[in-house]
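To keep things clear, I will list the structure first and then write my remarks on it.
Please treat every number below as a calculation from the coordinates, not as lab data. This one's a predicted model, so the numbers in the text were calculated from it and none came from an experiment. Note that we place each Cβ from the backbone using ideal geometry, even for glycine, and neighbour counts take in every protein chain shown.
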Amino acid sequence: MRVRTWKNPAWWFLLPSFTGVCIFYFIPYIDVFRRAFFSAAGGEFQGLDNFKTVLTNPAFQLAVKNTGLFMLVCIPLLLFLSLVIAVWIYRHSKIGNFLKTGFLLPMAIPVAAVVLLWRILFDDQGLLNGVLDRWGTGTCEWMDTRWAFVILVVSYIWKNLGYHIVLWLAGLSMIPDQIYEAAQMDGASDRVIFFRITLPNLLPMLFIIAVLALLNSFKVFREVYLVAGNYPNESIYMIQHLFNNWFRDLALDKMTAGAVLLSILLILLIFLLQKAWEDRA
Amino acid sequence: MKRKLSLFLIAFGAFIVIYPVIFLLAGSFMHPAELEEHLAPIVSPASQGFADWSLLPQIPTLRSYAKVLLEEPQFFMVFWNSVKIVAGVVAGQLLFGVPAAWGFARYEFRLKKLLFFIYIILMMLPFQVIMLSQYLVLRELSLLDSLWAIILPGAFSTFPVFVLYNFFRAIPESIMESARIDGASEFQIFFKIGIPLGKTGIIAALLLQFLEYWNVVEQPLIFLDREELWPLTLYLPEISLENAGQSLVAAVITLVPTMILFFLCKDHLEKGIVASAVKE
């Protein structure tokens, strides 16, 4: 039996990739779990002490709060906006296709270019404040106040809107036309059709789309870091800043315990995703 | 009326979304003096007032381009570093990721479910979770402070495998069966059927990976000490706005390869995005 397993051609295709994945991802990942239970200095078993230290650490609490709040605000907002635009594009396919390309474009704009724009736009004496000043409203230190958080949300949505519009469009195109036709025959209004037919049929996709939004939400860190460095305004101090700072300070106990907590949360989410996915098939 | 309004709103949204590209392009063709005039309040804190901007340059000039391309050897170095990183990562994905996706998609074997689950989890983890341990592995392999420290992990990252898996699943089993009856080996089937039929998926997965590594920030920050090895993403924010012309041109040059690829592979890209969500 064992010999047959290895004769399976699948292994010839998988083995090179799996070897690399093990070396660079899987073994390091297991190693993080092991380290979380030991002290970095002496190597003695710590039990759950590292976790206690992390959970009571104010910086950790702040970073988790900000990261969580960021996801709670921007993921629903992104899903809603992209759905509205996708439904519109689906109904106006001619001009829609053209606009869709426009919405996808920011995906291809390099972070480095975005950062340059941020610096010119949101500087204390930058373009945005210039506009506000002309309008007579007060100016604002964008990157040093809570507004930084808003800027982050906007730029996340700007970057990911197209990606999610395309995802929703795929969902929309899977709804058979006959259902719509039948509903129109019965005299259903646009509103009723949207809430009774479109939305329920899109529901199975909602979960995976949300998870992809989550995956991409970790990437805003790049812009934040390149603009604001290691210690940005408190409102955008994210998990990633904290981990980077712990790494530089060699606070390895906290780092590994924090990594384990974060990844358990993520695994729970992925588990739900898989279940939702399998239920569909 | 209502229709017109919604068209206007959506078109306006699309314009806002692509405006940054226009902004950078316009800026890169401005004369240094014009830029200086626009941006003085940001550059020198002593000056009063606010920065402003114009939609198009007053007198378009290639001065900033000439300056970057002729007088900045450092820019070529970083640009070249970025090219090496993405080329290595994409080549690695072709060599390892594409066959792996084929293996997952087309064969049944023990542990398949578990392995695929591991791939998905590793795809979801933010880099910071395994940063420390990956650092130690790379140190053990003496790869730190070389571009290989970015390239090798990138070549094995599992997101492209996930995207491609969905494409390879869609190929009907009957095609493979008839090839087998004609005496084709499993490798021949992969090269003659899998790769041509999965072309769209391969292009999409590689493009997504290209964008990911063209924008790489965290890994070089931790794994590279020498500034000569920096990619564009780390170098560009270091140019001070006193040389706004140079940073605008550098941003535009960073943008050009991604834009070309984007417009060449747009349709493939869309299908790739869809494949990351739709189960066949």
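Rounded to whole numbers, the Karplus 3J(HN,Hα) couplings from phi for the stretch A:123-134 are 4, 4, 10, x, 5, 4, 5, x, 5, 4, 5, 5 Hz, using 6.51 cos²θ - 1.76 cosθ + 1.60 with θ = phi - 60°, and x at Gly and Pro.
Listed peptides A:216-222, A:249-255, B:149-155 appear in the order B:149-155, A:216-222, A:249-255 once ranked by packing, highest mean of other Cβ atoms within 10 Å at the front.
Every pair of different Cα atoms in the stretch A:129-281 enters the Kirkwood calculation, which places the hydrodynamic radius at 19.4 Å. A Cβ-based charge dipole, computed about the Cα centre of the stretch B:47-170 with Lys and Arg at +1 and Asp and Glu at -1, lands at about 580 debye. Inter-chain Cβ neighbour count for B:249-258, averaged per residue, equals 4 (cutoff 10 Å, partner chain atoms only). Above 32 angstrom, tally the Cα pairs of chain A and express them as a % of all pairs, no decimals. Of all Cα-Cα distances in chain A, 44 percent exceed 32 Å. Note on the stretch B:2-61: percent of Cα-Cα distances in each 10 Å bin, starting at 0 and stopping at the bin with the largest distance, equals 21, 35, 26, 14, 4. A Stokes-Einstein calculation at 25 °C with viscosity 0.890 mPa s, built on the Kirkwood radius of chain B over Cα pairs, returns a diffusion coefficient of 111 µm²/s. Scoring B:136-142, A:154-160 by mean Cβ neighbours within 10 Å over their residues and listing the highest first yields A:154-160, B:136-142.
Relative protection proxy for B:248-254, A:61-67, A:104-110, B:11-17, from highest mean packing down: B:248-254, A:104-110, A:61-67, B:11-17 (other beta-carbon atoms within 10 angstrom). Peptide B:216-228 shows a mean partner chain C-beta count of 2 within 10 Å per residue C-beta.
Report D for the protein assembly as shown in µm² per second (integer): Stokes-Einstein, Kirkwood Rh on Cα pairs, 20 °C, 1.002 mPa s.
On the way: Rh = 25.5 Å.
In µm²/s, the coefficient rounds to 84.
A Gaussian network model of chain B, with springs between Cα atoms under 10 Å, assigns the largest mean-square fluctuation among B:SER240, B:SER44, B:SER146 to B:SER44. Shielding by partners for peptide B:87-96, expressed as the average number of C-beta atoms from other protein chains within 10 Å of each residue's C-beta, is 2. When the alpha carbon gyration tensor of the stretch B:9-146 is reduced to an equivalent ellipsoid, the three semi-axes, largest first, read 46, 22, 17 Å. Rounded to the nearest 10 degrees, the inclination of helix B:199-214 to the longest alpha-carbon principal axis of chain B is 40 degrees. Place a +1 charge on the Cβ of each Lys and Arg in chain A and a -1 charge on the Cβ of each Asp and Glu, then give the dipole magnitude about the Cα centre in debye, rounded to the nearest 20. The dipole of chain A has a size of about 760 debye.
What you get for the protein assembly as shown, charging only the Cβ of Lys and Arg (+1) and of Asp and Glu (-1), is a dipole of about 1860 debye around the Cα centre.
Amide H to amide H distances under 5 Å link A:PHE38 with A:GLN46, where only residues 5 or more positions off or on other chains count and H is placed in the peptide plane. Pairs from the table (A:LYS219/B:LYS199; A:LYS100/B:LYS4; A:LYS100/B:LYS2; A:LYS94/B:LYS199; A:LYS159/B:LYS67) lying more than 24 angstrom apart at Cα are A:LYS219/B:LYS199; A:LYS94/B:LYS199; A:LYS159/B:LYS67.
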